[in-house]
Amino acid sequence: MHMWFWFGNNLGDFLLPGYNVVTTSSFFCTCLSLFVLAILYEGMKVLQIKLQQNAVIFTQKQSPRISENSCLLSTISSKSIRIQVSLHCIRWSAWSFQVFHWFVHTFLGYILMLAIMTYNVYINIAIVLGSSLGYWIFGPIIIEFAIKQFYKRQSLLDCDKECTDNIINHQRHSPAVSVMAEQLVTEAVVEVHMPRDA
């Protein structure tokens, strides 16, 4: 086992016993497979964000709106029980799919990490190029999701100049670990709370 970067195509047993990479064609196929897996790994990040957003939307839509009258006047019927059971099954299956996706994404990440740890230059190049291409393809989507989340939070926390001054004064009087950290937090909070037209 090499503990430094090396060139060559004879990997011997690669990741699994019995998977021998000793020929140039098997080495090329292995590099190509790792290249594709690195692209897939980046793409799975987008799916993870979409799954989380769908879970939040589904939970918000299905959360019970309980009022005093609805509690007093509600009747239990077989139809309402069936609806609750079906919603619970849908929620459970969605969560199970999220957990399965997380398992596959984490497993794939560790496989790529173990491949990197062979210290083979060609394998490292294949994985880095695959990750780069994956980020080039899926990165704008992830950035778009982040910007939408930022504007959604900003619209919820929009306030005026007085609100911003109160936040700054509160943070100046609270004990801080470091001046730099306090300044960064203040700038981030003020940026979120400042009106868009200012």
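The values are calculated or read from the model by the stated rules, or taken from the named source; none is laboratory data. Fair warning: this is a prediction, and the values are worked out from it, not measured in the lab. Glycine gets a Cβ as well: all are built from the backbone with ideal geometry, and neighbour counts include every protein chain shown. Only protein heavy atoms, including side chains, enter the accessible area calculation; ligands, DNA and RNA are left aside. Shrake-Rupley method; radii C 1.70, N 1.55, O 1.52, S 1.80 Å.
Scan region 18-39 for residues that are surrounded by 17 or more Cβ atoms within 10 Å (Cβ to Cβ), assigned to a helix (DSSP H, G or I) and touching a Leu at 6+ places or on another chain (Cβ under 9 Å) and jot them down.
Phe27, Thr30, Leu34, Phe35, Leu37, Ala38, Ile39
Ile127 - would you say it is of a type in the set (Val, Ile, Thr) and either open to solvent by 100 Å² or more (accessible area, probe 1.4 Å) or modelled with pLDDT of 70 or more (or both)?
yes
Count, please, the residues in region 1-46 that happen to be touching a strand residue (DSSP E or B) at 6+ places or on another chain (Cβ under 8 Å), among the aliphatic types (A, V, I, L, M) and without any contact (Cβ under 8 Å) to a residue 60 or more places away in the chain.
2
State which residue pairs qualify: first residue closer than 11 Å to Met44 by Cβ and inside region 92-111, second residue charged (D, E, K, R) in any location, beta carbons under 8 Å apart, and separation of 6 or more residues or different chains.
Cβ pairs passing all conditions: His105/Lys45.
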